[in-house]
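Have a look at the structure below before the remarks.
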2 protein chains.
Amino acid sequence: MAHSYDVAAIGNAIVDVIAPCEDAFLDAQGLTKGTMHLIDGARAHQLYEAMAAGLEASGGSAGNTVAGVASLGGTAAYIGKVAADQLGEVFTHDLRAQGVHFETPPLSEGREATARSLINVTPDGQRTMSTHLGVAGLLTKDDVDEAVIQDSALTYLEGYLFDPPPAREAFDRAADIARAAGRKVAITLSDVFVVERWRNDLLDFLAAKAHLVFANENELKALFETDDFEEAASAVRSLVPMAAVTRSEHGSVVFEGGKEWAVPAFPVEQVIDTTGAGDQYAAGFLFGLARGRTLDDCARLGALAAAEVIGHYGPRPLVSLRELAAATGLV
Amino acid sequence: MAHSYDVAAIGNAIVDVIAPCEDAFLDAQGLTKGTMHLIDGARAHQLYEAMAAGLEASGGSAGNTVAGVASLGGTAAYIGKVAADQLGEVFTHDLRAQGVHFETPPLSEGREATARSLINVTPDGQRTMSTHLGVAGLLTKDDVDEAVIQDSALTYLEGYLFDPPPAREAFDRAADIARAAGRKVAITLSDVFVVERWRNDLLDFLAAKAHLVFANENELKALFETDDFEEAASAVRSLVPMAAVTRSEHGSVVFEGGKEWAVPAFPVEQVIDTTGAGDQYAAGFLFGLARGRTLDDCARLGALAAAEVIGHYGPRPLVSLRELAAATGLV
């Protein structure tokens, strides 16, 4: 079936503020390494004061993913909420400059600003995020562009949006539109804390509406309340038609029906900042899937995209993923 | 003479928007590679629309320099104008997080925003800047904190501020305060276009008030309207007590009275983005000078700091320059 967009994604529209820190800083600030914490404005102000000097970059998990899809030469659309402010302008520019269709109207009233994620990166390259959602959490089902979803091979949903209730309705609407149009729905679990907060709701959503779930190993184990990977793998296989599970430097495993493919991680010279690694894995995988590649190749494209973004600060590719993929013979 | 700050700097308080581009993009946009163009709000909007997705980082030439001084373990103060907006917040945070004293009150009224420099980086790592000055150009002599200047071993002035007239008055006032307190005044020529626009004024200022001038080879030649480096060198020696001239990959030459020192550039693995290279050279040099190091060592510290910043996107050090300098035996 023909489509205008390989991927339409719905997510929290966020600008990242990325700064290096030591592990002791995370302890002092009460932050759990490698996770995402939701924080309010007062806490954001306080944490920012304590952070080192940094860099800013457009982020947001699903935003990073569609930027990656576009960098691979795919077509993508994005739905997310920014404010009519400077950071909203930056976020909007960066998606459109990649060729991503992004027309969700910004919120121009009210006191909330564009969402910011304060990302502290430890010397091992791990990122720990503290997100002040601002207007990103005000996304509603009315922001879901029906025509865009109908015209996208895959609709990709960011698990972080399970937190704000109106956004959850947007998920339901988008998934229903996609399924009615004969399209596929993918979702990422996003974060172990998200899984802990919304386990039952996520399980219901996966069973009812998802064709494909992305998760890292910890998120998958948390979802099924087990420490045993095989047990979690078996559970996810019976819940959704397809799952792609990332295992950091051990690569990823893809499940479809009774079959599975284990694909190694791409070699990385130096891990600088893992922000966006999972998002770029999803980008490569979704691009491959929309283009009818084998699941093995989908996972390889994901590994390639993730490797690029780990090598520098910032959650989106700084070079053309299409050229990288061509250089390795993947496209 | 004891001092609280090694360096007090006055400059355009700017947030950089950095994106990769091809050389053809510069041609299409009518931009001269390696220089700084002043642009108005409408042109900034138009150019930003045309640019690739990028990263944002606090910048401004003198702001980068004091950040470098602080990274080397020095003490520094900054005077510059931001607006009370999101980018102003980012700029302020990044200086204070480095330990730089920065108390110039932000402008909270009016329609102008914090200055933005749209920086297009070609594959050779060269940066071409298009700056919308916004409130940065509204700095006045009233913003010069007399006590801070009196208490700084060196006052460092950014040549870019020769453009807005009220800022020129701030330069004069700061230089006069510094000299009256028995301190030294340093200035950078900043850009060949700045030199072309203000040649006579710059020559007057250098002769009357500067102890030390920073320039790259092209700026120095432009100042003395010659293509001959030796001729320019001879002219600058008779104008100011001390000059530090950078020559890209050929290192730098320092002149003091009848003496000169040529110091090689530090090896750089891969040139990614030269934004801030001159600023970090000045940081290393000024830090060394304030700490009573030989001019040879000052130039080496400058070369070391410049090499760090060339290796990544963004105009300020991403690692501790103090540790780098210690590792090479320079401190």
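Any read-out appearing in this document is the output of simple, stated calculations on the displayed coordinates, not a laboratory observation. From a predicted model like this one, the values you see are computed outputs, not experimental measurements. Don't worry about glycine lacking a Cβ; one is built from the backbone with ideal geometry, like all the others, and counts go over all protein chains shown.
Shortest first, in nm, what separates the label point of A:Ala50 from those of the same position in the other copies (7 Å along Cα→Cβ)?
4.5
Only sites in a loop by DSSP and with at most 12 other Cβ atoms within 10 Å count here; which GluC sites (Glu not before Pro) in the range B:94-157 make the cut?
When the GluC sites (Glu not before Pro) of the range B:94-157 are filtered for loop state and at most 12 Cβ neighbours within 10 Å, B:Glu103, B:Glu109 remain.
Going 7 Å from Cα along the Cα-Cβ axis for the label, what nanometre distances separate A:Asp124 from the same residue across the other copies?
From this label point to the equivalent ones elsewhere in the assembly: 4.3 nm.
Working from the pairwise distances between different alpha carbons, so that the mean of 1/r is found and then inverted, what is the range B:194-258's Kirkwood radius in Å?
11.7
In debye, nearest 20: dipole of the range B:232-319 around its Cα centre with unit charges on the Cβ of K, R (+) and D, E (-)?
260
For the range A:54-168, count the residues as N, evaluate 2.2 N^0.38 Å, and divide the Cα radius of gyration by that value, please.
In units of the 2.2 N^0.38 Å rule of thumb, it is 1.07.
From the convex hull of the Cα coordinates of the range B:186-320, what is the mean projected area in square nanometres?
Reported value for the Cα convex hull: 7.9 nm².
Please work out the Cα center distance from the range A:297-312 to the range A:125-196, rounded to the nearest Å.
22
Normalized C-alpha radius of gyration of the range B:1-91, against 2.2 N^0.38 Å?
1.33
Can you put A:Thr35, A:Thr122 in order of Cβ neighbours within 10 angstrom, beginning with the fewest?
Least crowded to most crowded, the residues run A:Thr35, A:Thr122.
Along Cα→Cβ at 7 Å, what distances in nm separate the A:Gly110 label point from those on the other copies, shortest first?
Reported distances to equivalent positions: 3.2 nm.
May I ask you to list the residues of the range B:172-202 whose amide nitrogen lies under 18 Å from a point 7 Å from Cα along the Cα→beta-carbon direction of B:Glu231?
Counting only backbone N, you get B:196, B:199-200.
Per-residue mean of other chain beta-carbon atoms within 10 angstrom of the beta-carbon, peptide B:195-204?
0
In cubic angstrom, how much convex hull volume per residue do the alpha carbon atoms of chain A span?
Dividing the Cα hull volume of chain A by its residue count gives 120 Å³.
Restricting things to alpha carbons, tell me how big the protein assembly as shown is in terms of Rg and Dmax, in Å.
Radius of gyration, then largest Cα-Cα span, for the protein assembly as shown: 26.2, 83 Å.
What's the lysine pair count for the protein assembly as shown at a Cα cut-off below 30 Å, pairs eight or more apart or interchain?
So the count works out to 26.
Counting only residues 5 or more places away or on other chains, whose amide H sits under 5 Å from the amide H of B:Ile14 once H atoms are built in the peptide plane?
Here the answer is B:Gly59, B:Gly60, since their amide H atoms fall under 5 Å of that of B:Ile14.
In terms of modelled amide H atoms, which long-range or inter-chain residues lie less than 5 Å from the amide H of A:Thr75?
Those lying under 5 Å, H to H, from A:Thr75 are A:Asp6, A:Val7.
Using the Cβ atoms and a cut-off under 10 Å, what net charge is assigned to the surroundings of A:Asn216, where Lys and Arg are +1 and Asp and Glu are -1?
With Lys, Arg at +1 and Asp, Glu at -1, the neighbours total -1.
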